[in-house]
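To start, the structure itself, in structure tokens.
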Amino acid sequence: MTKYQTAILFIISFGLHANPIFEESAEDILRNTRLSRIPSVITGLEERAIQKMESNDLISAREDLKKAIQLKHAIGMKESEGNASLLLQISKLESRLGNRCEANQYSHLAKRIALRIGLNLGAVALDRAVVPDSRKPEGCLEVSWLKE
């Protein structure tokens, strides 16, 4: 790889990580960003979360996905394919982190959105029954930041 190609690759990857808007809370992003730019911010957060998952920075990836979901809700995309997809991503992430209860909650929300809008998220996602766990394991937190 030439020096030029390496420099371009570095600049592109640095751009995804160094965008200061990604470090703000969802509320601050909404307050300080034009509404027309919010979808590109959501896309950037998703891409950054994927990169963080690949580098095994799962906690930071989870925070980026949470912000993306909150932004989608704020701009009226709560009942969308994109939101259902984000919920499935964060469900898989929570599962990797060992948070089975939270993973089930996100998966259940994604399934409900998919059923409401007539979307097929794939046989695995829709066939996996989400059984309410009456005996919640210790440390299982409700997904209180996400309003249904």
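Checking each residue of region 35-43 against the condition of being closer than 16 Å to L88 by Cα and touching a residue at least 12 places away in the same chain (Cβ under 8 Å) gives at least one match.
Before we move on, is N104 closer than 28 Å to G118 by Cβ and either modelled with pLDDT of 90 or more or outside any helix (DSSP H, G or I) (or both)? Give the derivation first.
On the way: closer than 28 Å to G118 by Cβ: yes; either modelled with pLDDT of 90 or more or outside any helix (DSSP H, G or I) (or both): yes.
Yes: the conditions hold for N104.
Every test in (1) modelled with pLDDT of 90 or more; (2) surrounded by fewer than 16 Cβ atoms within 10 Å (Cβ to Cβ) is passed by L45 save one, and that test is (2). With respect to L109, determine if the residue is part of a helix (DSSP H, G or I), in contact with a Lys or Arg (Cβ under 6 Å, 6 or more places away or on another chain) and modelled with pLDDT of 90 or more. Taking the combined requirement at face value, the residue does not satisfy it.
The values are calculated or read from the model by the stated rules, or taken from the named source; none is laboratory data. This structure is a prediction, so every number in the text was calculated from the model and none was measured. No Cβ is skipped: glycine too gets one built from the backbone with ideal geometry, and neighbour counts run over all protein chains shown.
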